[in-house]
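The values are calculated or read from the model by the stated rules, or taken from the named source; none is laboratory data. The structure displayed is predicted, hence computed values, not measured ones. As a convention, Cβ positions derive from the backbone with ideal geometry for all residues, glycine included, and neighbour counts pool all protein chains shown. Ligands, DNA and RNA are stripped out before the accessible areas are found, and what is left, the full protein with its side chains, is counted by its heavy atoms. Shrake-Rupley method; radii C 1.70, N 1.55, O 1.52, S 1.80 Å.
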Amino acid sequence: MNTSNINVRCPSRHTLLLLSALLLSGIAQAQDRAKYDALADKYKNEHAVYTHVSEQLVIELQDGELTAHSNVSLEKLFISEYSLSRYNTDEFWYGDFHQPVNYSGVAYIPKGNKKYKRTECYTFGSGRPYSYEFYDDTRLAEAFYSGLTKNAITETKYRMEHTDIRMLPSFLFQDGFHSLPIDEAVFEVVAPSYVKMNFAIKGANKSWIKQSKEEKNGNIYYRFTASNIPATKSFDNVPSWRYYLPHVMPYITSYRITGAAKDSVLANTTDELYKHQYNFVRSKNFKVDTGITNTVKRITEGDATESEKAAHIYKWVQDNIHYVAIENGMEGFIPRPADTVYKRKYGDCKDMSSIISAMCQRAGLKAYFAWIGTTDLPYSYKETPIHVSNHMICAVKINNEWVFLDGTHPLLPFGANRDDIQGKDALIAIDQDHYEIVTIPVEAPEKNTVTDITHLTIDGSKLQGVADQVYKGYMSWQIAAALQANKKEEERKKLVKQLTVRGTNKYQLGNYNIRAAKSGNKDVSINADFVLESYLQHSGKETIINMNLLRHFDDMRIDTKDRVVPYYFDYKTKRKEVVVLDIPKGYKVKHLPANSKGSLDGLWNYSITYTKDKDHVTLTKEYELKTLSIGTEKFADNNKMVDGLKNIYKESVVLTTN
């Protein structure tokens, strides 16, 4: 979802007076000093705490139309001196579909033993989110508080109008911005009894959330509460916060206004979702200009198969249409016509799907728009018909098989899928009444491989080496994308060093050559000379060398403290590493480490083998990651295996003079 630019303005005097009256229901004239002193003691090991976070989502009928708005209140207690400058802001997101109507802030500064001094906050700022990769109209507004002291209280209130009742906001039961604990959180939805609601509760620790429902005066009150909520702990190797922050997603399934002949159905099933979304693409590309037609004819001339035609069209789009996402309001949902994209030579994911599907159709292929969610969204069409998709691709049926074409990746080979849509469901728009849900396949480890062969020679106390690497699959496409983005020689050398570094921080990269194939599977190969200074150890007649220059999987120990979500990977992979050591003249092998193997219940495995002949010692290591996630029940076993692998990596080869 993408939203439009709205300037945040300070509230008018009339609005401030109105909201000041509303504040009386929060801290009750700020006279309950004992209550907040008790909370400060309860959270004495914290810098600050949200004492109360609430949102009331109100759905009502206005001028014959169903509308929705939210009243939000954030009450915070400042416990330490550090909190006064670190946590003195509150924030909220807004945009075209969620527009702020009014907002205010009040601070209560302790005065004497029992009183507070009440101070208005007039400082509100606005800006773009700091982590967005492309331009859209989502904005972040912040209330800034100054002059605070220990045990001060702030209360930020705002009202948000939701311009599309199909896209109601989710409520988070943990603080995802400051990561502060929350003493009490309340999410209440008020809707007329003729409005049918559903709620999806997602994330971890869902048991914290208590639910109730009450019908009163023609409205239904849905209430979700939680208390004593700990500070948010973020986790690495998780696609997004949605996997672990507990949250409630409300959505309207249907409603019937008094006097209406039938229900208005919004999101009761995937069928209804599809009917709504199909409106965004139904009229696209019925007419395509001669430029597209002539281009398709030229680039597919001589093609004998549908696969050849689709491949040539896909490559032309990758080479000629640039991915640029500039989205405002409904532009986040509606593809631009293929003619427009063809002339502009740029577009977002929907625009790429538009021109690819139009060109494929011109070539006589069965090509369609397809909605899909990346791994950032842990939701499926089967679970809930909302918030499921944030991406669009083109689906082409060739020889009765679906092939998916994603124009946002300029180097993805024909037939390959981005790693962040593996295992996700694509909703393919066949026509007004028909669609298919097809699961994107997860690539096998054999499709994503790294082969690394190193040849070593001993030169005094240093090692001289040559490394040959071949990358296939997702890793190769990532490297190729990095090469495309970094064309300067110093930038490329830095990249090669990152890819080939081994042994110690004394690694010195010498001459190198990097080749990225432009066709086929687009493999990447690297050949590099290097030196490792002071790597060898000498003891009398013995020379000791640890041949584990690369230590794959040794960083895969999972921090199990408070972790409530699986440990995720971007893709499955296989890796083979071979290290060949030339035995210097006059030396023989005195000790070889033992061979070893390990496997974790089919999730990942390794094999380490040492061999020798008269002139060489060879270390061969093979690894296979066969899963996209490790569940919490396997954390202990995983860590035990990683610890064992680390010990194996400490083993060295010992050479001695004859």
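Structure notes:
- 3 or more residues touching a residue at least 24 places away in the same chain (Cβ under 8 Å), within 27 Å of Q318 (Cβ to Cβ) and out of contact with any Gly (no Cβ under 7 Å at 6 or more places or on another chain): qualifying strands (runs of 3 or more DSSP E) within the stretch 483-580: 524-532
- Unique match (being open to solvent by 40 Å² or more (accessible area, probe 1.4 Å), farther than 30 Å from P337 by Cα and without any contact (Cβ under 8 Å) to a residue 12 or more places away in the chain) among G259, G176: G259
- Filtered residues of the stretch 286-304 (kept if of a type outside the set (S, T, N, Q), surrounded by 15 or more Cβ atoms within 10 Å (Cβ to Cβ) and not in a loop (DSSP other than H, G, I, E, B)): I292, V296, I299
- Count of the stretch 536-584 residues which are among the aromatic types (F, W, Y) and in contact with an Asp or Glu (Cβ under 7 Å, 6 or more places away or on another chain): 1
- Restricting the search to helices (runs of 4 or more DSSP H) fully inside the stretch 305-420 and requiring at least 2 residues that are within 25 Å of D96 (Cα to Cα) and of a type in the set (V, I, T) gives 338-344.
- Hits in the stretch 436-466 - residues which are open to solvent by 30 Å² or more (accessible area, probe 1.4 Å), hydroxyl-bearing (S, T, Y) and either at pLDDT below 95 or under 30 Å from I545 (Cα atoms) (or both): T451, T457, S461
- Test: residue in the stretch 470-480 that is open to solvent by 70 Å² or more (accessible area, probe 1.4 Å) and in a strand (DSSP E or B): yes
- Yes/no for R551 being surrounded by fewer than 20 Cβ atoms within 10 Å (Cβ to Cβ), within 28 Å of L499 (Cα to Cα) and not β-branched (V, I, T): yes
- Any chance T627 is assigned to a loop (DSSP other than H, G, I, E, B) and surrounded by 14 or more Cβ atoms within 10 Å (Cβ to Cβ): yes
- For the stretch 351-373, the tally of residues that are in contact with a Lys or Arg (Cβ under 9 Å, 6 or more places away or on another chain), closer than 18 Å to D425 by Cα and either open to solvent by less than 10 Å² (accessible area, probe 1.4 Å) or acidic (D, E) (or both) stands at 3.
- Hits in the stretch 206-256 (condition: touching a residue at least 60 places away in the same chain (Cβ under 8 Å) and in contact with a helix residue (DSSP H, G or I) (Cβ under 6 Å, 6 or more places away or on another chain)): P246
- Meets criteria (surrounded by fewer than 15 Cβ atoms within 10 Å (Cβ to Cβ), over 20 Å from T454 (Cα atoms) and in contact with a Gly (Cβ under 9 Å, 6 or more places away or on another chain)) for N605: no
Each row is one residue, and each column tells you yes or no for (1) out of contact with any helix residue (DSSP H, G or I) (no Cβ under 8 Å at 6 or more places or on another chain); (2) farther than 26 Å from T375 by Cα; (3) not acidic (D, E).
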| site | (1), (2), (3) |
| --- | --- |
| G520 | yes, yes, yes |
| E533 | yes, yes, no |
| Q537 | yes, yes, yes |
| I545 | yes, yes, yes |
| D554 | no, no, no |
| R557 | no, no, yes |
| V578 | yes, yes, yes |
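- Taking residues in the stretch 277-306 that are over 22 Å from I334 (Cβ atoms) and free of Cβ contacts under 8 Å to residues at least 24 places away in the same chain, and partners anywhere that are aromatic (F, W, Y) and surrounded by 12 or more Cβ atoms within 10 Å (Cβ to Cβ), the pairs with Cβ atoms closer than 6 Å and at least 6 places apart or on different chains are I299/W316.
- D420 being within 27 Å of V248 (Cα to Cα), in contact with a Pro (Cβ under 8 Å, 6 or more places away or on another chain), open to solvent by 10 Å² or more (accessible area, probe 1.4 Å) and of a type outside the set (A, V, I, L, M, F, W, C): yes
- Candidates are the residues of the stretch 494-535 that are of a type in the set (K, R) and surrounded by 15 or more Cβ atoms within 10 Å (Cβ to Cβ); the one that is farthest from N548 (Cα to Cα) is K522.
- Residue check for L245: of a type in the set (A, V, I, L, M, F, W, C), crowded, with 17+ Cβ neighbours inside 10 Å and modelled with pLDDT of 95 or more: yes
- Residues (open to solvent by 30 Å² or more (accessible area, probe 1.4 Å) and either part of a strand (DSSP E or B) or basic (K, R) (or both)) located in the stretch 158-173: Y158, R159, E161, R166, L172
- The residues on offer are E60, E120, and the sole one that is assigned to a strand (DSSP E or B), surrounded by fewer than 20 Cβ atoms within 10 Å (Cβ to Cβ), among the acidic types (D, E) and at pLDDT below 95 is E120.
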